[in-house]
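Laboratory data are not the source of any read-out in this text; all were calculated from the coordinates shown. Keep in mind it's a predicted model, so treat the numbers as computed, not measured. For neighbour counting, all protein chains shown are included, and Cβ atoms are generated from backbone atoms with ideal geometry for every residue, glycine included.
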Amino acid sequence: MNISLNIMKTNFLFFLLFLGLSCSSVLAQESYISTSEKNGFFPLVSKEVTAAIYIDENDFKGVHRVAEDLQKDIERVTGKLPQLLKTSEVNSGTPVIVGTLGKSGLIDQLVQNNKIDVSGIEGKWETFALKVVEDPFPGVEQALVIVGSDKRGAIFGMYDVSREIGVSPWYYWADVPAKRSDVLYVKPGTHSKGTPKVKYRGIFINDEAPALAGWATENFGGFTSGFYEHVFELILRMQGNYLWPAMWGRAFYDDDPKNPVLADEYGIVIGTSHHEPLMRAHDEWRRFGEGEWNYNTNPENLQKFWRGGIERMGDFESVVTVGMRGDGDEPMAEGTAIELLEKIVEDQREIIADVTGKPAEETPQVWALYKEVQDYYDQGMRVPDDVTLLLADDNWGNIRKLPNPDDAPREGGYGIYYHFDYVGGPRNYKWINTSQISRIWEQMNLAYKFGADQLWIVNVGDIKPMEYPTSFFLDYAWDPEKIDAGDLRSYTEDWAARQLPKEYSEEIADILLMYTKYNSRRKPELISPETYSLTNFNEADRIVKEYRDLEQRAEAIYAQIPEEYKDAYYQLVLFPVKASANLNELYVSAAKNKLYAAQGRAAANKYAERTKELFQKDAELTEQFHTELADGKWNHMMSQTHIGYTYWQQPDQNNMPEVAKIEVPEKAEMGVAVQGAKNAIFERNSSGSLPAFDPFNDQGFYVEVFNRGQKPFQYKIPKKSDWIEISEEKGIIEDQKRLLVSVNWEKAPKGMTHGSFQIKGAGNKVTVEVPVNNPQDENIQGFVESNGYISMEAANFSENNQVNSRGWQLIPNLGLTGSSMASYPHAPTQQELSENNPYLAYNFHNFSSGDAEVEFYLSPTLDFRNQGGLKFAVSVDDREPEVINMHEQTEDNWNTSVANNVTKVRTTINLEPGNHSLKVWAIESGVVVQKIVIRTGENRDSYLGPPESAKVE
């Protein structure tokens with residue numbers, strides 16, 4: 001019998017998808033930059049010469065500005081500052097020639113003289129090409145030409161060179177050092193990233209107080225052009241082009257008139273959030289508005305207010321939000337005021353047309369179907385076809401609605417508003433990164449496949465500490481077709497290698513992938529002492545150990561990494577791991593204090609002190625971030641409160657979980673806690689029972705011997721079955737000791753049986769029963785039942801039956817405990833169940849008979865088709881499949897699902913003992929299965945559910 005023990009650990013070694021393209025990619029592949037000289041290579045910086053940068057003086061201001069950034073970036077890497085020449089002539093040397101097609105005389109001359117072929121980029125959106133050109137001008141032997149189809153095309157071309165030579169987009173925002181090199185060469189040929197697949201790609205700065213607001217005020221006097229200069233540069237370096245500025249108490253146009261001018265120079269498209277119509281910030285109504293924010297009663301003043309926004313916008317490139325919500329990001333009215341909102345949009349478009357002097361459809365517009373506004377759309381409200389419909393997630397990363405693939409294409413297309421940060425129910429989450437790129441990929445991949453590709457914007461809160469997911473979101477938006485689910489590991493390694501020393505990138509990728517997985521299980525703001533089970537499956541201790549093991553790995557790298565990288569590493573890796581590990585142990589420690597105090601354990605007071613230590617450690621970590629990191633550069637940035645929530649809104653200050661101190665009698669008294677038992681044993685000559693052992697599952701059950709008094713006592717195991725093994729059969733108990741219990745299977749009797757052992761100490765005697773299931777049947781296959789359950793990670797299927805290479809696909813690392821399987825992620829699919837549908841098969845063996853509950857742990861995907869719920873089917877052996885609607889057949893409401901980051905769906909099957917196969921049938925896109933638990937006995941509560949059962953192959 002070959003036994004394969006499946007542990008809750010994700011295997012991240014996936015094949016890198018070979019893209020076979022000449023252009024650079026966000027995935028790790030050969031760069032067009034080399035540090036070796038070869039024939040035909042262009043010397044950007046050689047030992048002898050540093051290539052000068054030439055730019056036509058008539059090109060866009062933003063191109064000139066970014067050329068200066070490229071100049072500085074080359075110096076950051078090599079220590080050599082190239083000349084930057086603004087001229088329309090080049091007649092010597094080996095220059096870098098940068099320009100916009102149709103705007104740069106230098107570039108246009110090269111085109112006219114057939115030195116460069118721009119047919120691949122001409123007329124395209126934000127497209128660039130880099131080409132090493134021989135004899136571009138008389139007297140010029142060789143040049144590197146960076147040509148953009150438009151302003152941002154040229155800008156993206158220059159920033160792509162910066163990225164490839166070793167300057168991270170996060171060089172300022174995360175203090176990432178440049179990758180030093182004495183020489184830089186560009187390989188011959190043409191290099192391009194192509195045209196972005198998503199037209200507008202950006203971030204929303206939101207919920208910016210107290211962290212970002214405090215930092216910006218201290219460093220820039222507020223959200224001024226000095227602040228936004230760094231934001232605009234960051235967005236462009238990450239290949240984005242779009243911004244919703246900070247808006248709570250802020251007003252982008254009014255706070256600093258230089259803000260929109262600078263944005264236009266850089267080429268950043270400015271919009272306003274989902275409830276800020278016609279380029280007016282929400283706070284501007286408080287500053288300048290007249291009357292109430294009510295279109296029924298105050299239309300003239302609102303129209304005047306909005307007209308001012310469009311007049312001020314001028315020719316600045318913008319996407320104008322239309323529609324209206326209530327004052328303060330609230331619903332506009334009770335019920336669905338469709339007729340009123342249609343009138344509002346009509347009037348707003350008249351303002352746009354009147355002020356701009358051109359038809360309204362020539363000004364890009366967006367209507368955000370956020371919260372209750374989606375109800376308007378679902379009940380029939382429509383806006384003109386040129387307006388982009390901005391669909392939204394539920395504020396927790398689950399998209400609420402996607403386009404119907406059968407609908408006619410819209411001129412304005414569809415977009416997505418997504419969240420890494422949120423203020424609202426069931427709790428705010430603003431403190432630390434809790435977004436897995438695997439979930440971002442799964443949801444945004446669906447969005448792209450369903451045709452939402454006009455505009456993607458993500459709420460990043462304070463920008464920091466969302467560096468990793470923000471990079472992924474914008475990289476993925478450039479070309480979703482280049483990053484598949486199997487590439488997420490490679491993406492993370494490449495991202496780590498670009499920010500930090502490459503030799504640590506594999507280990508750093510593990511840490512990034514795992515800490516975000518752990519944090520996504522439940523937002524820190526939602527954790528309480530009651531979250532994780534102290535008694536079942538050793539869950540709480542496992543959670544703490546997982547975090548602390550990860551922290552040790554992160555600390556080990558920090559000790560080795562070169563000094564110049566320590567600040568960046570601390571921000572991007574070490575701090576989120578340390579802070580998250582500390583927080584989780586804080587709540588587990590408080591939970592132990594509460595339990596132990598109720599049991600009268602002497603250890604209760606120790607855990608009260610430990611909780612205080614961990615609470616203080618949280619404050620110390622914050623202080624270190626503010627005052628020591630980068631010499632205090634990031635003061636205020638971690639000031640978001642995150643401990644002690646009592647409802648959805650944040651507490652005014654961090655509040656330590658309540659702990660209890662107990663009076664401990666002087667006289668020793670022994671108590672025993674048995675793993676899995678709800679109550680500890682105090683009474684003399686009492687007994688308890690451990691869960692059942694079997695030879696398949698890797699059980700490590702324990703009992704805790706504890707003291708209810710101050711004086712230590714001796715304990716011993718005077719009597720036990722000869723096949724039971726105990727880690728320490730005698731010793732001294734000061735407060736408590738955990739004894740590990742195991743079974744010697746060479747001695748254990750066959751069949752179902754019970755053994756026992758006794759524990760004596762402090763005048764007490766406790767008997768612990770040890771149930772054993774040691775089957776004589778050798779014909780056991782699949783996941784094996786134990787203690788009333790069979791638990792199977794979705795990725796560990798026995799068979800994945802595809803139809804035309806489509807069906808269920810693995811999404812690595814997505815899920816509370818393992819990886820997930822998603823139905824039809826690569827094409828919008830909705831069909832009826834038939835025997836030809838793809839399915840996953842899971843072989844299992846059960847010993848009990850009768851009805852069993854099958855519980856599916858599903859990612860909390862919403863009914864984005866609005867057709868009554870997403871469906872899949874389940875069958876056992878050759879029985880008729882049962883269709884399951886994940887939204888109708890769950891007891892979890894939305895609050896429960898998003899808080900737990902899982903939706904649980906249950907059905908019942910009848911089983912006879914033996915080997916069986918459970919099949920999960922795909923019916924439509926969007927169902928994501930994380931884990932399957934078959935319960936044949938009592939349900940022992942835990943947050944993560946039972947750990948995976950052993951699998952016999």
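Sparse packing (at most 12 other Cβ atoms within 10 Å of the Cβ) combined with a DSSP loop state is found for the following chymotrypsin sites (Phe, Trp or Tyr not before Pro) in the stretch 660-758: 745.
Against the chain, whose longest principal axis comes from its Cα atoms, helix 151-165 is set at around 50 degrees.
So what is the relative contact order for the stretch 200-484, in percent, with contacts set as C-alpha pairs under 8 Å and at least six apart? Rounded, it is 19 percent for the stretch 200-484. Among the chymotrypsin sites (Phe, Trp or Tyr not before Pro) within the stretch 187-226, not one is in coil by DSSP while having at most 15 neighbouring Cβ atoms inside 10 Å.
Overall, the stretch 465-566 carries a charge dipole of about 340 debye about its Cα centre when +1 sits on the Cβ of Lys and Arg and -1 on the Cβ of Asp and Glu, all other atoms neutral.
Which pairs in the list 720/931; 661/737; 80/151; 482/931; 179/931; 124/502 are over 32 Å apart, alpha-carbon to alpha-carbon? Long pairs (Cα-Cα over 32 Å): 720/931; 179/931; 124/502.
Taking amide H atoms as placed 1.01 Å from N in the peptide plane, the amide H of residue 368 lies under 5 Å from those of 322, 390, each 5 or more residues away in sequence or on another chain. The GluC sites (Glu not before Pro) of the stretch 475-541 meeting both criteria, a DSSP state outside H, G, I, E and B (loop) and at most 14 other C-beta atoms within 10 angstrom of the site's C-beta, are 530. The long axis of helix 575-599 is offset from the longest Cα principal axis of the chain by roughly 30 degrees.
With semi-axes √(5λ) of the Cα gyration tensor in Å in mind, check [x] 54, 32, 30; [y] 57, 34, 24; [z] 47, 33, 31 and report the label derived from this structure. Given [x] 54, 32, 30; [y] 57, 34, 24; [z] 47, 33, 31, the calculated one carries the label [x]. In the chain, the DSSP beta bridges split such that about 70 percent are antiparallel, to the nearest 5. Full extension from residue 765 to residue 481: what is 0.36 nm times the residue separation minus their Cα-Cα distance, to one decimal in nm? Stretched out fully, the residue 765 to residue 481 stretch lengthens by 95.6 nm.
Taking every C-alpha pair closer than 8 Å and separated by at least 6 residues, the mean separation divided by the residue count of the stretch 33-191 gives a relative contact order of 32 percent. Measuring against 30 Å, Cα to Cα, the residue pairs 199/258; 678/871; 430/871 contain 678/871; 430/871 as the ones spanning a longer distance. The H on the amide N of residue 416, modeled in the peptide plane, is under 5 Å from the matching H of 391, 455, 456, 457, each at least 5 residues off or on a different chain. With both labels modelled 7 Å from their Cα along Cα-to-Cβ, the residue 848 to residue 835 distance reads 3.4 nm. Shape of the stretch 200-484 from its Cα gyration tensor (a ≥ b ≥ c, root eigenvalues): rounded if a/c is under 1.5, otherwise prolate when a/b > b/c, or oblate? Since a/c stays below 1.5, the shape of the stretch 200-484 is classed as rounded. Here the gap between residue 648 and residue 710, fully extended at 0.36 nm per residue and compared with their Cα-Cα distance, gives a gain of 18.1 nm. Under a 5 Å amide H cut-off, with hydrogens placed 1.01 Å from N, residue 84 pairs with 53 among residues at least 5 apart or on other chains. Computed over the chain, relative contact order equals 11 percent, with contacts defined as Cα pairs under 8 Å that lie 6+ residues apart.
Would the stretch 41-106 count as rounded, prolate or oblate if I go by the C-alpha gyration tensor, calling it rounded below 1.5 in a/c and otherwise prolate when a/b exceeds b/c, oblate otherwise? Note, shape of the stretch 41-106 comes out oblate. A Cβ-based charge dipole, computed about the Cα centre of the stretch 535-621 with Lys and Arg at +1 and Asp and Glu at -1, lands at about 540 debye.
Shape class of the stretch 33-191 from the alpha-carbon gyration tensor: oblate, with a/c at 1.5 or above and b/c at least as large as a/b.
What is the helix-to-structure angle for 488-499, meaning the angle in degrees between its Cα long axis and the longest Cα principal axis of the chain, kept from 0 to 90 and rounded to the nearest 10? Rounded to the nearest ten degrees, it is 60.
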